[in-house]
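What follows is one structure encoded as structure tokens, with my remarks underneath.
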Protein chains: 2
Amino acid sequence: MNADGKETEKTRIKPRILSGFRDFRPEVMIPRERMIETAKQVYRAYGFAPIDTPTLEYLDILLGKGGDESDKQMYRFTDNGGREVGMRFDLTVPLARFVAQHSNDLGLPFKRYHIALVWRGERQQFGRYREFMQCDFDCIGSLHVSSDIETALVIDDLLHSLGFDRFTIRLNSRQILNGILETVGLLDKSVAVLRSLDKLGKVDRTAVIEEMEEKAGASRTEAENILKLADLNGSNQQILRDLEPMVRGNEVGETGLARLHAIVDGFEAAGANGARIKIDVSIARGLAYYTGAVFETVLDDLPGIGSVCSGGRYDDLAGVYTKQELPGIGASLGLDRLLAAQEKLGMIPEVQTPAQIFIPYFDKTGLHQYLKLAGDLRRAGLRVEVYPEAKKLGQQLKYADRRGFVVAIIQGRDEFEQGVCQVKDLRSGDQNEVVTDDLQVLVQHLNDLLSVE
Amino acid sequence: MNADGKETEKTRIKPRILSGFRDFRPEVMIPRERMIETAKQVYRAYGFAPIDTPTLEYLDILLGKGGDESDKQMYRFTDNGGREVGMRFDLTVPLARFVAQHSNDLGLPFKRYHIALVWRGERQQFGRYREFMQCDFDCIGSLHVSSDIETALVIDDLLHSLGFDRFTIRLNSRQILNGILETVGLLDKSVAVLRSLDKLGKVDRTAVIEEMEEKAGASRTEAENILKLADLNGSNQQILRDLEPMVRGNEVGETGLARLHAIVDGFEAAGANGARIKIDVSIARGLAYYTGAVFETVLDDLPGIGSVCSGGRYDDLAGVYTKQELPGIGASLGLDRLLAAQEKLGMIPEVQTPAQIFIPYFDKTGLHQYLKLAGDLRRAGLRVEVYPEAKKLGQQLKYADRRGFVVAIIQGRDEFEQGVCQVKDLRSGDQNEVVTDDLQVLVQHLNDLLSVE
């Protein structure tokens, strides 16, 4: 390179992105868009309506709402007008603000989905991003267990619609644990108890009991009784039966149990596969935020990636912004985890184009015919790309192959004169001559080809 | 309110949003999502693939790329890691950075669409927002006029698919004006000339000529010759004929003319309505950024809202980031303007729910049946909401009405016993009894009802 070239090189800016942020290329964006569209369709099928809120909020709207960790990780700054602002770190705080602000017009129950980016300046670690998309649905304004059942049904429908067959919705209730703690007089120590309980499996039983004695002030018998929760297993009905004596006489616990019962029964009564929902009273994560039912969802083939759809019931969404009490229930679909799972399970075809059909620009004088054919096929519902330049056919077909087109339609002078085209299956290499004067014949042939997996 | 109540009131935070930002409630978000989905479908039908890029970029990636105005309006700050960052103000700079960074893997031609938010801290004015969504498509890597034709076809398809029948794609070429300016030796004054030309219609002809003399150093004859451009009218073929002598002998001008010709001819040959594209050499706006074809699109019934889809050809997308020359062409759909237009033209039905069918929770003991029926109907492709609580039927139907459901399916004890339901058309109030034991009959009845506008 000459001196001039180097000079230019120096004034160039190196193209790069911030750590923790991502460029999405077509091959990852196509399955991502498909997943988001599927989620929307499921939400809509249950009457959840879309909303959106600003990326930036006044800082006081966000601050302190997600705890110290959220405050520390928040992207915040002073805007050009001197306002203190922050980028949202979740979609729940904006929902609370939104519902409080528009409560007069929205009406209850209010069922919304919100699929949007959030930002957290986390310490960098594998699989964690500073910008990621959340995909939430919530029903605000009803305490009835029918919303709890519906939440489970939506989760089931989401996973099923995304092509997963083997998954388990784990169900618990904050009220069960609260009832038991209330009975033994440890309700005010629930956070400490939960924290200890959560260590089961990582440290041994005795250590957990000792920690409960020390941190929560539980007696040995009380600690052992609480730990019995973790021993429960068997069918949902078996667990429900075993829980019954443990909560008997305590109103909160009995309510929690009755609601778990109703969720399990309602789920199956609605036509969902009852084997997919499993009461698991060891789920402690998230219990601190929720007040009733709690859901986690694991893929049976990839339990290690953690919950792919979690949520639960809360008593009061927006107490910071309004005196109106707004109970609700909702959950959030883990897009990044599910996409990683789809990839691991070989569920994502490797394509870089959303179009199926490729028309090479083969005959230099044929552009109008190529454009016309592409237009006709699009009007028949097909997705068609015409190569923009009359390069060598081999080069164009190589491009088509790399992009992942399924079919090429090749026409040269001979084909134009005979009113035919060569339809080439780019997967098998098979080629057939098809007449072009009857569009229906060609469309039928293409649809047949495309319907073969 | 008692003292306690006031105390709580004081600690509450007033729910509000930043000026220039928007909350999207379901009734505006539903048509918005529909528009974005339609745009995606059109883009995909031509082989444009989705990409996404980070909201935040290193400041030096963004700075200076959109001019002083963009720099001034940019949301920028120092992140927690001490990095200078900015929020993207358009999707073109990120595209340039993206293509330069990934050029080895992407392959050319590279056709992408990108639908995402951008931020500009503009002075507040009516109809301008500080956060808005851009909806761009571009084809990078080809100089061939076939991409220009395709750009016009995509614009046409977008507007048509969004339900607009009466619109005009205005077409011009930077090369025509450049050719003429080159002939008279004023090429280096093109910006000044354009600025003057753009005032035609606002100030009188003589004033424009005088400004061109003064600011661009044009002679009176030269200025008058340039102004002849604005007088051209008639059919596309007429304008092309009239332009011919004006650019004769100048290579750039002749090329521009030949390409305009090819765009107009190719557009019609592809099966699009030729009346919808109109050569308009008075389009000056945007010419400064573009190097070839330029497009603007106006709705014939609402010309006042300005162009709803604009774009054009550029020689070199990413010269700041790479030495690889990347010519391209693209355009951007104006979502906010088109949504405003759809509303003005009465094209947006007023609904707050994406579901069509409402099932009131009428009989307290019937929850399982309601959930089962809703599940069956969803599996048949319908969108169904079950009210979450057994409130009074009138109250539930009022809710259904306000939300914009089309049909309610009412079942009480009598209906359960007789295996029927009452299907109520919420628009007309008409009600029919339909059997429920044969789901197909009910689905058919509902689909018939829903297909009536």
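The values are calculated or read from the model by the stated rules, or taken from the named source; none is laboratory data. These numbers come from a predicted model, not from an experiment. All Cβ positions, even for glycine, are placed from backbone atoms using ideal geometry, and neighbour counts span all protein chains on display.
Please give the number of the condition B:M74 fails out of (1) touching a Ser or Thr at 6+ places or on another chain (Cβ under 8 Å); (2) within 11 Å of another protein chain (Cβ to nearest Cβ); (3) of a type in the set (A, V, I, L, M, F, W, C).
(1)
Identify all residues within the stretch A:358-372 that are surrounded by 19 or more Cβ atoms within 10 Å (Cβ to Cβ) and more than 9 Å from every other protein chain (Cβ to nearest Cβ); write none if there are none. So that I can check it myself, show each step before the final result.
Residues of the stretch A:358-372 surrounded by 19 or more Cβ atoms within 10 Å (Cβ to Cβ): A:358-362, A:366-367, A:370-371.
The answer is A:I359, A:P360, A:F362, A:G366.
Filter the stretch B:336-357 down to the residues that are within 12 Å of another protein chain (Cβ to nearest Cβ) and either surrounded by fewer than 19 Cβ atoms within 10 Å (Cβ to Cβ) or within 30 Å of B:G141 (Cα to Cα) (or both) and list them by number. Please lay out each step first, then the result.
Start the filter on the stretch B:336-357 by keeping residues that are within 12 Å of another protein chain (Cβ to nearest Cβ), which leaves B:351-357.
Scanning the stretch B:336-357 gives a single hit, B:V351.
Considering (1) surrounded by fewer than 21 Cβ atoms within 10 Å (Cβ to Cβ); (2) more than 13 Å from chain A (Cβ to nearest Cβ); (3) at negative phi, say which one B:C421 fails and leave the rest.
Only one criterion in (1) surrounded by fewer than 21 Cβ atoms within 10 Å (Cβ to Cβ); (2) more than 13 Å from chain A (Cβ to nearest Cβ); (3) at negative phi is unmet by B:C421, namely (1).
Would you check if B:A380 is surrounded by fewer than 17 Cβ atoms within 10 Å (Cβ to Cβ), aliphatic (A, V, I, L, M) and within 12 Å of another protein chain (Cβ to nearest Cβ)? I'd like the intermediate steps shown before the answer.
Numbers: surrounded by fewer than 17 Cβ atoms within 10 Å (Cβ to Cβ): yes; aliphatic (A, V, I, L, M): yes; within 12 Å of another protein chain (Cβ to nearest Cβ): yes.
Considered against the rule, which asks whether it is surrounded by fewer than 17 Cβ atoms within 10 Å (Cβ to Cβ), aliphatic (A, V, I, L, M) and within 12 Å of another protein chain (Cβ to nearest Cβ), B:A380 comes out as yes.
Need a quick list: helices (runs of 4 or more DSSP H) entirely within the stretch A:211-277 having at least 1 residues that are surrounded by fewer than 21 Cβ atoms within 10 Å (Cβ to Cβ), of a type in the set (G, A, S) and free of Cβ contacts under 8 Å to residues at least 60 places away in the same chain.
Where helices (runs of 4 or more DSSP H) fall fully within the stretch A:211-277 and carry at least 1 residues being surrounded by fewer than 21 Cβ atoms within 10 Å (Cβ to Cβ), of a type in the set (G, A, S) and free of Cβ contacts under 8 Å to residues at least 60 places away in the same chain, they are A:220-231, A:251-269.
If B:D68 satisfies every condition in (1) within 8 Å of chain A (Cβ to nearest Cβ); (2) more than 24 Å from the chain's Cα centre (by Cα); (3) part of a helix (DSSP H, G or I) but one, which is the exception?
In the conditions (1) within 8 Å of chain A (Cβ to nearest Cβ); (2) more than 24 Å from the chain's Cα centre (by Cα); (3) part of a helix (DSSP H, G or I), B:D68 misses (1) alone.
Take the stretch B:383-397 and flag every residue that is closer than 23 Å to B:N447 by Cα and more than 9 Å from chain A (Cβ to nearest Cβ).
Within the stretch B:383-397, the first condition is being closer than 23 Å to B:N447 by Cα, and the residues that meet it are B:383-387, B:396-397.
B:Q396, B:L397, listed by residue number.
Please determine, by comparing only the residues of the stretch A:80-95 that are at pLDDT 95 or above, out of contact with any helix residue (DSSP H, G or I) (no Cβ under 7 Å at 6 or more places or on another chain) and within 11 Å of chain B (Cβ to nearest Cβ), which one is nearest to B:A400 (Cα to Cα).
A:L95
Checking B:G82 against (1) in contact with an Asp or Glu (Cβ under 8 Å, 6 or more places away or on another chain); (2) assigned to a loop (DSSP other than H, G, I, E, B): exactly one of these is not met. Which one?
It fails just one condition, (1).
Search the stretch A:11-29 for residues being assigned to a helix (DSSP H, G or I), of a type outside the set (A, V, I, L, M, F, W, C) and more than 7 Å from chain B (Cβ to nearest Cβ), and hand back the single one that is surrounded by the fewest Cβ atoms within 10 Å (Cβ to Cβ). Reasoning before the result, please.
We begin by selecting, within the stretch A:11-29, every residue assigned to a helix (DSSP H, G or I); these are A:11, A:26-29.
Add one more test, that the residue is of a type outside the set (A, V, I, L, M, F, W, C), and what stays is A:11, A:26-27.
Right, trim to more than 7 Å from chain B (Cβ to nearest Cβ) and you get A:11, A:27.
Values: A:T11: 7, A:E27: 18.
Only one residue tops the list, namely A:T11.
Which of (1) surrounded by 17 or more Cβ atoms within 10 Å (Cβ to Cβ); (2) in contact (Cβ under 8 Å) with a residue 12 or more places away in the chain; (3) touching a Leu at 6+ places or on another chain (Cβ under 8 Å) is the odd one out, the single condition B:G330 does not satisfy?
(3)
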